Amino acid sequence: MKKILLAMTTLTVMAAASTASADSLGLRGGYYKGFYSANGQSASTDGTGSIGLQYSYSLDALSTLRGAIDLYPNMLGLQKLGFGGEVAYLRKIPTNMSSSVDMNVYVGAGLGVNYVGDSGTSDGLSYSYRFTTVNPTLLAGVNFYATPELGIFGELAGGPSFVFGSATAGSTSQSQNITGGFIHPRIGLTYTIR
């Protein structure tokens with residue numbers, strides 16, 4: 001009896017350990033669009049595609065921490081490459097859909113920061129600009145697992161957005177902060193490595 005209890009305890013601990021933590025790497029793409037206003041005027045920018053890498057770590061069967069880095073070819077409509085990073089907490093929602101081993105629904109919250117800048121000379125006049133966006137983020141998505149290791153996901157992220165910018169042309173400089181919101185639908189692939 002003692003051996004059976006010991007074996008059952010060992011199996012329970014091993015099962016808990018295997019489901020409590022897992023690492024996954026992913027590739028994601030999306031479309032980022034900001035909506036802003038400054039001095040009562042619309043300052044919305046062109047949208048841009050995005051491509052990024054992400055790493056996820058499962059805290060338990062329902063909770064995950066995720067970090068990601070993204071590239072934006074046309075950040076804030078400036079025709080320049082922008083860089084971004086995001087950290088998010090994701091929570092699986094127990095639903096009938098999520099009860100399937102192959103699929104689950106999740107919601108989350110996080111914080112993203114994006115940056116774009118440039119400097120140079122135009123018509124003999126030197127210029128530079130720097131813009132940083134800070135995006136508190138809410139998101140919801142669906143994971144589908146084609147195999148136990150390979151997952152496909154789609155999600156919609158969005159929230160308020162704060163832009164901190166400065167520009168210099170010759171000896172003239174200006175700073176401006178604007179507020180608004182953003183949406184960032186994304187799709188991607190993940191691979192569980194542990």
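The values are calculated or read from the model by the stated rules, or taken from the named source; none is laboratory data. Please read these numbers as outputs of a predicted model, since none were measured by experiment. Counting neighbours? That spans all protein chains shown, and the Cβs are built from the backbone with ideal geometry, glycine included. Surface areas here come from the heavy atoms of the whole protein model, side chains and all, with no ligands, DNA or RNA. Shrake-Rupley method; radii C 1.70, N 1.55, O 1.52, S 1.80 Å.
Okay, here's what the table says:
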item: Residues that are in a strand (DSSP E or B) and not aromatic (Phe, Trp, Tyr), drawn from the stretch 101-111; result: Met103, Asn104, Val105, Val107, Gly108, Ala109, Gly110, Leu111
item: In the stretch 49-64, the residues that are open to solvent by 70 Å² or more (accessible area, probe 1.4 Å) and assigned to a strand (DSSP E or B); result: Ile51, Leu53, Tyr55, Tyr57
item: Failed item in (1) in contact with a Ser or Thr (Cβ under 8 Å, 6 or more places away or on another chain); (2) farther than 26 Å from Asp60 by Cα; (3) touching a residue at least 12 places away in the same chain (Cβ under 8 Å), with Ala109 passing the rest; result: (2)
item: Output for the stretch 65-77, where each listed residue is open to solvent by less than 60 Å² (accessible area, probe 1.4 Å) and not in a helix (DSSP H, G or I); result: Arg66, Gly67, Ala68, Asp70, Tyr72, Asn74
item: Tyr127 open to solvent by less than 70 Å² (accessible area, probe 1.4 Å), at pLDDT below 95 and over 20 Å from Lys33 (Cα atoms); result: no
item: Which numbered condition Ala61 misses (of (1) out of contact with any helix residue (DSSP H, G or I) (no Cβ under 8 Å at 6 or more places or on another chain); (2) within 30 Å of Ala146 (Cβ to Cβ); (3) of a type outside the set (Ser, Thr, Tyr)); result: (1)
item: Subset of the stretch 30-44 (residues that are surrounded by fewer than 20 Cβ atoms within 10 Å (Cβ to Cβ) and in contact (Cβ under 8 Å) with a residue 24 or more places away in the chain); result: Tyr31, Lys33, Phe35, Tyr36, Ser37, Ala38, Ala43, Ser44
item: Answer from Val134, Val163 - the residue that is buried (at least 16 other Cβ atoms within 10 Å of the Cβ) and of a type in the set (A, V, I, L, M, F, W, C); result: Val163
item: Conditions (1) modelled with pLDDT of 90 or more; (2) among the acidic types (Asp, Glu); (3) more than 26 Å from Tyr36 (Cβ to Cβ); number of the one not met by Asp102; result: (1)
item: Strands (runs of 3 or more DSSP E) wholly inside the stretch 112-194 that include at least 2 residues being free of Cβ contacts under 8 Å to residues at least 24 places away in the same chain; result: 172-192
item: Options Ala169, Ala157, Ala146; residue that is modelled with pLDDT under 95 and closer than 30 Å to Asn39 by Cβ; result: Ala169
